[in-house]
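Heads up, the thing below is written out as structure tokens.
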Amino acid sequence: MVKGQTKSGFKYSVNEQVFGSYDYAKIVKKINDAKKITDPEKVGLLNAELTVTVTELVLGPEQAEALEEHVRSLSENGLVTMQAMSEEVNEIQMQVGEKIGEKNSQSSSATLKTTKKH
């Protein structure tokens, strides 16, 4: 598990294995495919669907709901905007990616040190 906190103060715990899953890969593919769409209305709808899907996959249903309420609490009108949710989820993904990279780097360094001793 990777734990962290967004700039806005949302604390999360994420199973890092999600990022190596086929489910996550399918969402990334859909995001990349959406970049090829030129109709703004279709892009907006697809982005909304993908934001909800990736939020629930990465955080799980309970934390996804907690994030929604967190974003709502920061809103002036009590509405949860897609932009605000996207920003929070993107920040979480970036932070988790960095932490996974750090773990992998440390693991590789430890393996190299062990290999050199033999």
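Every read-out reported here was derived from the displayed coordinates using simple, explicitly stated rules and does not represent laboratory data. Note that the structure is a prediction, hence the values are computed from the model and not measured. Here Cβ is always computed from backbone atoms with ideal geometry, including for glycine, and neighbour counts include all displayed protein chains.
Observations
- Per-q log10 I(q)/I(0), the chain, q = 0.11, 0.12, 0.16 Å⁻¹ (Debye; single scatterer per alpha-carbon; no solvent): -0.45, -0.52, -0.82
- In this rough spin-label picture, where each label sits 7 Å from Cα along the Cβ direction, the Gln83-Gln17 distance is 3.8 nm.
- Crossing angle, helix 40-74 versus the chain [Cα axis fit, 0-90 degrees, rounded to tens]: 70 degrees
- Relative contact order (percent, whole number), the chain, Cα cutoff 8 Å, 6+ residue spacing: 27 percent
- Taking the helices alone, the chain has a mean residue ellipticity at 222 nm of -25500 deg cm²/dmol, built from -39,500 (n - 2.57) per DSSP H run of at least 4 residues and averaged over all its residues.
- Region 50-78-region 1-48 distance, computed between alpha-carbon centres (Å): 12 Å
- Label-to-label distance, nm, for residues given as Ser75 and Val52 (7 Å Cα→Cβ offset): 1.4 nm
- Residue (of Ala84, Ser73, Val2) at the positive-pole extreme of the chain, dipole from beta-carbon charges: Val2
- Segment Lys99-Lys29, length gained on full extension (0.36 nm per residue, minus Cα span): 22.9 nm
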